[in-house]
Structure formats: C-alpha cells, structure tokens
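Only one structure is covered here, and it is reproduced in the block below.
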Amino acid sequence: MTNVVVVGSQWGDEGKGKIVDWLSERADIVVRYQGGHNAGHTLVIDGTSYKLSLLPSGVVRPGKMAVIGNGVVVDPHALIAEIEKLAGQGVTITPDNLRVADNATLILSLHRELDAMREDAASNSGTKIGTTRRGIGPAYEDKVGRRAIRVMDLADLDSLPGKVDRILTHHNALRRGLGVAEVSHQTIMDELTSVAERVLPFRDTVWLFLDKERRRGARILFEGAQGSLLDIDHGTYPFVTSSNTVAGQAAAGSGMGPGSLGYILGITKAYTTRVGEGPFPTELKDEIGEFLGQKGHEFGVVTGRKRRCGWFDAALVRQSVATNGITGIALTKLDVLDGLEELNICIGYMLDGEQIDHLPASQGAQARVEPIYITLEGWKESTVGARSWADLPAQAIKYVRQVEELIGAPVALLSTSPERDDTILVTDPFED
Ligand code: GDP
Ligand code: IMO
Ligand code: MG
C-alpha cells in the first residue's frame, strides 16, 4: 500500500479530474498542492458532470477528506463560490471534509486585475501568454517576493493592516507605472474581512494533519493541476503557468516529505492538446485537428477557449516521465481516435538539420523544431466505454503498446469515456 501522486504529463486537461475521482474511492485524503482556480477538472458520475477548479476532485465522494495545501494560491471568493456551486449539486462541504492550509497564499482582486492588464497590454504587442486571467502569476510573484497575504493572516487583525500596506506599496507603484488607479488600504481590508468568516473555519496546519494521517496509515492521493509542459522550470517557458507542476511539488506544496509520495501516475491523453499561446510541434491545423477537437469536446473548462489539438508527442511525454519520475500512466481519451485511418506519433524532432530526441529549452529552438513521425494503422471499431482489454480492437492495443514503449512507462489505467466507470484497471497504483 502506498500513496499516489497524479500529474498531467502534457499541457494540462489530460483527464486528471476523472482519474482522481476514480482513484479517490481507494483513498482517504485527496490533496491539491499547486496552482489555483486556473485548473478545470471535470468528473462525470452517472451522467452528472462536476467541474472543479480549486477544490480537490475527491470532495464529491462522501467520507473523503479534501485538502488544499500550502503550495496552492487560493482566491477566497472563488473558494466560496465553488463550495456554493457544489452545494447546489448536492455536495456538502464543511470543515469535516475540507481543510485549507493556513500558510497558503491568497489571490486578491489586485492580482486578477494585474493579470488581465498585462495580458491586454501584451495582446497589442503579440507577446501574451494566454493566461486564464485568474491572478495566478501575480499571486505567486507576491509569495516569492515575501509580501503575500496568507490564509492565517485573516485571523490576525492586529498584523493584517501592516501586511496590506506592504503589498500595496508594491502594487500601487506598479499601477502608477501602468497608468491605472491605485488601490486603497480600506478596499483590501474590506475585501479580506468580508471573506474571513467563511474561509477561516477550514484553516488547518496541513503538514501536521498529513503527518498524523500518514502515521496512522491513511492513503493519500495528491492531485496535480496543469501539466508538466506548463511547469515554470520544465515547461515551454515563458508559455507556462507560475508554479512547479511536476510531481516533486506534491511534497513541497503539502508539507509531506518526498519519501512518502509513492506511486507517480502521469495522466496522458492519447493525442495532444494545449490551450493558450506557445510552441506545439505536433499541432494539427487541418481537418484532423478539427476532428479531434470536436470529438474530444476540447474546450477549456475555465475560460471556454478552444483547445489546440495535435498528434501524440512521445518525445514530450518521455521527457515528463523523467522530470516527474512517472511510475505508470493513465492513458485517456483513446476513444477519440476511433475511426481515423492512420495515426501519427512523434518520436523526436529535426532541429537545424540535426535529429534530437527531446524538446530543447530555448524558445527559439522550440519554435523551429519539426516533428519526426511514425505512422500506425487506425481502427474502425468503437472503443467508447470499453471496460476490458478484450473490448479493444487489435490496432488500438497496438497503439497503446507503442506508446508504452516510446515513453518508457507502462499503462496502469486506460480511460475510454468521460464516465467514472469507463476505466480499465491494469495495475492498481495504491497496491503497486
Ligand atoms: P483535467 O484538467 O486534466 O482534469 O481535464 P479536463 O477535465 O479539463 O478535460 C478532460 C475532458 O475529457 C473532460 O471533459 C473529461 O470529461 C473528458 N474525458 C476524460 N477522460 C476521457 C476519456 O477517456 N474519453 C473521453 N471521450 N473523454 C474523457
Ligand atoms: P488543468 O488543471 C490547461 C495555461 C493557460 C496559459 C498558461 C498560463 O485543468 O489541466 P495561468 O492562468 O496559469 O497563468 O496561465 O497555462 N493553463 C492551463 N492549460 N489546463 C490547465 O489546468 C491550465 N491552467 C493554466 O491556458 O496558457
Ligand atoms: Mg482542465
């Protein structure tokens, strides 16, 4: 028995929500450890769809504890709104099933505004990132800049005014430079005091809670957001998010030591998608890309933007297997490939006349690489809802085996529809 870390092995939206929901039946605690409400995780249970951004996907299952770790940036308004939205879907959230780390950083309105202002300004010069405009980057900047307001500060009304002054000194200097109105001390104090009562009941010393639970033998499931190619260090910088998304962050972002993380499960889509700007070597701007987008319903959960689609890039996922220490993968959306005559898989790139087997780190080189493909025969039969290997056509099995071989990691789970139970178990990550 072990703990399990779920990470996205591509550019996000691999189907982490579905797999975390499925796995959480076997877990006691589900922990988010990075990102914020830029994530959009979809679960479908008996035809009902739940869309979670900030809350761990395990929260929909009765009897499970959901934890938001210190590595997450928490927008208190988004937290309250999501709790209310789920209440409308019959999911009750109280301190009995949700804990928020008291040392997690808060996203404030000024972070959202700065994110949007920067993106608007960059649109004019063609240098935007295509962020979710949720204030994620600016909030992490303030955390690293040691001027963030944290969850615990909501309970300390004596020291809060000084902290607000400190963050405003920085932001108002920026705002003057950008030519926008300054924010008053009172505005931020009002914003914080208006949410304190709703947020504080959930606060906890999460590292301590997790340590106690680990010692008593609880099974802990870590739910990553975004994907490894959006990692601030290992991703396609600067077209990335502002946190480390790789599995190592599960330790730092929750306060549990890395020795207790256990099985690293990389959620991997059977093709590739990306939302927002940035390099995408296997992108298909033709009718096959359109086919994948329509059939896979590739529209962003958070912003509704159309996701860019392309062939499976084994070179990228092989890189993620290394940077995360992936033990095995959950291969999702295989069913979306049903009906295609031929399937390409990228195995490496040509860069300036040389063959390379990984994506180089420089922005210029990333823009110049040309994918090298192998081509596999497709299959005509439907794999939608398949629940055993026996239900899969031979060519689909061949495709899966080829993926395993190229990325250097085995398939532990295979997903064949958005529904919770349309999942084939090969290896139980908790028992591995
Ligand atoms: P996440 O951000 O990684 O949790 O993924 P998203 O929820 O943003 O996007 C994945 C989408 O694919 C969601 O709409 C899921 O319901 C859906 N999905 C997940 N697994 C499968 C699958 O195996 N087949 C199909 N057709 N859809 C899936
Ligand atoms: P889940 O958890 C896909 C992308 C944005 C943008 C870049 C930076 O659902 O897989 P940010 O708002 O984080 O500063 O935006 O990262 N991005 C995601 N793309 N899935 C996500 O989350 C994403 N979260 C952020 O589109 O390109
Ligand atoms: Mg998503």
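The values are calculated or read from the model by the stated rules, or taken from the named source; none is laboratory data. Just so it is clear, the structure is predicted and the values come from calculations on it, not from any experiment. Note: ideal-geometry Cβ built from the backbone for every residue, glycine included; neighbour counts use all protein chains shown. Heavy atoms of the whole protein, side chains included, go into the accessibility calculation; ligands, DNA and RNA do not. Shrake-Rupley method; radii C 1.70, N 1.55, O 1.52, S 1.80 Å.
222 nm [θ] for the chain, helices only, -39500 (n - 2.57) per DSSP H run of 4+, per residue, to 500?
On the way: 12 runs with 135 residues, N = 432.
Estimated from H runs of four or more residues: -9500 deg cm²/dmol.
Mind listing the phi-derived Karplus ³J(HN,Hα) values for segment 398-406, rounded to whole Hz, using 6.51, -1.76 and 1.60 with θ = phi - 60°, and x for any glycine or proline?
Ordered by residue, 3J(HN,Hα) equals 4, 4, 4, 5, 5, 4, 4, 5, 5 Hz.
Tell me, what HN-Hα J-couplings in whole Hz come from the Karplus equation 6.51 cos²θ - 1.76 cosθ + 1.60 at θ = phi - 60° for each residue of segment 220-230, using x for Gly and Pro?
Each residue of segment 220-230 in turn: 10, 10, 9, 10, x, 10, 6, x, 5, 7, 9 Hz.
Output the peptides 46-57, 66-77 sorted from most to least packed, where packing is the average of other Cβ atoms within 10 Å over each peptide's residues. Can you show the working numbers first?
On the way: 46-57: 19.2, 66-77: 25.2.
Listed from highest to lowest mean packing, they are 66-77, 46-57.
Quick query: amide H of PHE312 versus all other amide H atoms, modeled in the peptide plane; which residues come in under 5 Å with a sequence gap of 5 or more or a different chain?
Correct list: THR272, CYS346.
Of the listed peptides 392-405, 82-95, what is their order by residue-averaged count of other C-beta atoms within 10 Å, with the highest listed first?
Values: 392-405: 16.8, 82-95: 13.4.
For the peptides 392-405, 82-95, the packing ranking is 392-405, 82-95.
Over segment 268-431, calculate the relative contact order: mean separation of alpha carbon pairs under 8 Å at least 6 apart, over the residue count, as a percent.
Working: 298 pairs, mean separation 37.9, N = 164.
Relative CO of segment 268-431 lands at 23 percent.
Among LYS16/LYS380; LYS64/LYS163; LYS85/LYS269; LYS85/LYS306, which pairs are too far apart, with a Cα-Cα distance over 30 Å? If you can, show how the numbers build up before the last one.
Values: LYS16/LYS380 27 Å; LYS64/LYS163 35 Å; LYS85/LYS269 28 Å; LYS85/LYS306 24 Å.
Violating the 30 Å Cα-Cα cut-off are LYS64/LYS163.
Run the dipole for segment 68-126 about the Cα centre, Lys and Arg Cβ at +1, Asp and Glu Cβ at -1, nothing else charged, and hand back the magnitude in debye, nearest 20.
The calculated dipole for segment 68-126 is roughly 80 debye.
Would you please classify the overall shape of segment 54-116 from the alpha carbon gyration tensor, given that a ≥ b ≥ c denote the square roots of the eigenvalues, rounded means a/c under 1.5, and beyond that prolate means a/b larger than b/c while oblate covers the rest? Show your work: numbers first, answer last.
Working: a/c = 2.85, a/b = 1.60, b/c = 1.78.
Verdict is oblate for segment 54-116.
Can you pull the percent of the chain's accessible area that's carbon plus sulfur, 1.4 Å probe, other chains left in place?
50 percent
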